[in-house]
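The block underneath contains the structure these notes are about, expressed in structure tokens.
Here, each number is a calculation from the coordinates, and none is a lab measurement. Being a predicted model, the structure only gives us computed values, none of them experimental. Positions of Cβ are backbone-derived with ideal geometry, glycine not excepted, and every protein chain shown enters the neighbour counts.
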Amino acid sequence: MNALVALCHFCELHGPRTLFCTEALHPPSPAPSSQAGASVSSDRDRDGDREGEGLTMRANSSATQRGEMCEGCRSLPASHPGFVSIDDETGIRFLSHQHPRQPQLFSVVRQACVRSLSCEVNSDVCPGREGPIFFGDEQHGFVFSHTFFIKDSLARGFQRWYSIVMVAMDRIYLINSWPFLLRHLKLTIQSLQSTALKVFDNEQGVCPQRAVRMNSVFSPAVLPHQRSGNAARSLTSLTQHPNLWASLHSSFSWLLKACGSRLTEKLLEGAPTEDTLVLIEKQTEHEEEMSCWEGAEGSSAMSQQSQSESELAHHFLCDDPKPHESPGPKFRSLRHLRQVLGAADFRQLAWHVLMGNQVIWRGADPGLIQSAFTVLKSLLPVGCVRSVPYSAQYEEAYKCNFLGLSPDVPIPTHVSSSEFSVLVDIISERSSQTSALSGDDIGSPCQFTISSANTQPTDRGPTLLNKLEVALCNENLSVDVVSHCLLCLKEEWMNKVKVLFKFSKVDGRGREDTQKVLALLGATGPGEEDNVRLLKYWMTGLSKTYKSHLMTAVRGGERSPSQ
């Protein structure tokens with residue numbers, strides 16, 4: 001992403017100042033020279049010997065400006081080479097220092113810093129002067145800014161004013177990234193605030209400044225000396241974090257990389273599939289929900305402060321290791337699942353999945369259950385999947401059609417006696433030797449018992465399942481080929497679902513006409529009941545975009561004759 005991130009501070013002596021800036025330098029050619037070493041998360045301090053290579057960053061301010069800088073205005077000394085991280089995938093270098101490396105960006109960042117900490121910008125947009133704002137123009141770039149306060153026992157009002165700004169020339173891209181930027185910048189800001197608050201509380205416990213200031217009323221000569229010393233307190237001193245700037249470099253570098261890769265342009269061959277539309281809708285709903293929670297969290301922040309502080313501090317101050325998959329056997333594909341369960345049990349299980357019944361797996365290995373769900377979900381459109389991977393209590397079918405339970409969770413009577421659910425019990429027989437078995441040996445440490453109150457035969461249909469089993473039985477077809485066959489089958493039946501939805505729900509045709517359409521769609525004959533049931537269930541997976549488009553087209557057609 002062609003943007004930069006900067007931390008700004010309002011100094012009581014010198015006004016708005018840029019404290020720390022991270023920018024991305026793209027390689028000169030598509031194939032950058034090979035780099036030994038590190039990913040974007042690796043922080044490197046460069047020696048002074050590397051200055052000739054252009055990796056050393058210097059503050060672009062003049063000698064006069066450096067002379068006016070106090071401790072509160074300075075992050076890294078002018079002799080510090082800065083921080084460099086290299087993304088081995090793209091060859092992009094992320095450089096951090098107090099000021100931008102490129103001189104032409106100095107004035108842009110300086111203006112963004114001044115405006116982000118200006119009362120003129122913040123007074124009307126952000127009540128209390130804390131929060132996110134957006135401003136800018138085509139000439140000087142567009143800015144996403146988040147202002148915040150840091151507690152300081154020696155400062156005027158016991159707090160100091162900071163802001164984090166992201167500057168970019170692409171206004172649309174920056175606006176579309178608003179929820180993402182707000183969510184992750186608030187993590188960094190709240191981490192800074194929580195660490196500074198601990199320092200503030202410790203200092204107040206040793207020497208309460210409120211009482212000292214009250215006593216200074218009777219000694220006016222103390223106040224000027226006190227104020228001149230307090231204005232030069234650095235952010236490192238306020239947080240007592242020795243690796244503060246290296247941590248900020250990691251955070252800002254990740255933000256630039258992640259923000260640049262989360263929104264990408266893709267060339268689609270034809271119209272987007274229903275699964276693609278549903279995924280886009282779910283992502284939009286998730287971002288809107290996160291924004292709503294972020295707006296309402298202020299009222300409940302005090303009650304959750306102790307818990308959130310530790311989590312946010314870990315996120316910012318500590319290395320966040322990638323979550324490792326739990327050890328143990330896993331299902332790798334539908335064919336693998338069929339081999340482990342057996343053909344008959346696999347067909348029964350797949351039939352329940354396609355009919356929309358609740359599929360319950362109960363066992364002591366959450367990783368194994370999750371892998372089974374991942375495989376079985378591929379049978380359904382994305383819009384039909386509602387999953388609770390692992391729970392300590394039973395969840396009703398309207399909440400989820402995939403439910404993982406711990407071994408000691410009882411199944412309610414109304415569920416175990418229902419024909420609209422199937423239970424898979426995993427009986428583990430692991431010993432100290434079998435616990436190290438790989439995913440290829442699921443059958444040896446585990447036994448699977450499938451039970452259901454359904455008495456309807458599952459060997460007739462639906463047609464999709466019959467064709468899928470033919471592909472699974474053909475050993476000449478690889479797993480990838482079978483996956484593409486399943487994708488084509490799902491698209492074929494989703495098109496039938498669209499026709500049936502348009503005909504029965506939108507146009508409101510009768511039962512007799514619907515039967516004729518089903519015959520045209522090839523849903524009648526052997527397994528007709530299962531085919532119709534599948535079509536009706538898959539209607540619930542249609543995207544809101546498609547349904548809205550149909551209803552709008554119908555209403556437009558109804559109005560056009562009268563117009």
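Going 7 Å from the Cα of T540 toward and past its Cβ, which residues in the range 457-489 have a backbone nitrogen under 20 Å from where you end up?
Residues 462-465 qualify, since their backbone N sits under 20 Å from the label point.
Want the number for S107 to V517: 0.36 nm per residue separation, take away the alpha-carbon distance, what's left?
Stretched out fully, the S107 to V517 stretch lengthens by 140.9 nm.
What full-extension length gain, to one decimal in nm, is calculated for K467 and S483 as 0.36 nm per residue of separation minus the Cα-Cα distance?
Here the answer is 4.5 nm.
What does a probe at S451 reach in the range 387-416, counting residues whose amide N is under 15 Å from the point 7 Å along Cα→Cβ?
407-416
Simple spin-label model, 7 Å along Cα-to-Cβ: S406 to F180 in nm?
Taking the simple label geometry, S406 and F180 are separated by 3.7 nm.
Can you order the peptides 446-456, 332-342 by their average number of other Cβ atoms within 10 Å per residue, highest first?
Going from most to least packed, we get 332-342, 446-456.
Gain in length, M551 to K505, computed as 0.36 nm per residue apart minus the alpha-carbon separation, to one decimal in nm?
15.6 nm
Once a ≥ b ≥ c are taken as the square roots of the eigenvalues of the Cα gyration tensor of the range 343-420, is the result rounded (a/c under 1.5), prolate (a/b larger than b/c) or oblate (a/b not larger than b/c)?
Judged from the Cα gyration tensor, the range 343-420 comes out rounded (a/c under 1.5).
From the cross-link list K186/K330; K399/K516; K330/K490; K516/K544; K151/K282; K330/K496, which pairs have alpha carbons spaced over 32 Å apart?
K186/K330; K399/K516; K151/K282; K330/K496
For a test of the definition: using alpha carbon positions, the gyration tensor, and the 1.5 limit on a/c, classify the range 484-525 as rounded, prolate or oblate.
Since a/c reaches 1.5 but b/c is at least a/b, the shape of the range 484-525 is classed as oblate.
For a protection proxy built on the mean count of beta-carbon atoms within 10 angstrom, sort 395-402, 537-544, 279-286, 90-97 highest first, please.
Ranked by mean Cβ neighbours within 10 Å, highest first: 90-97, 537-544, 395-402, 279-286.
Please give every one of the lysines within straight-line cross-link reach of K257, meaning a C-alpha to C-alpha distance under 17 Å, and leave out same-chain neighbours fewer than 8 residues apart.
Cα-Cα hits under 17 Å: K322.
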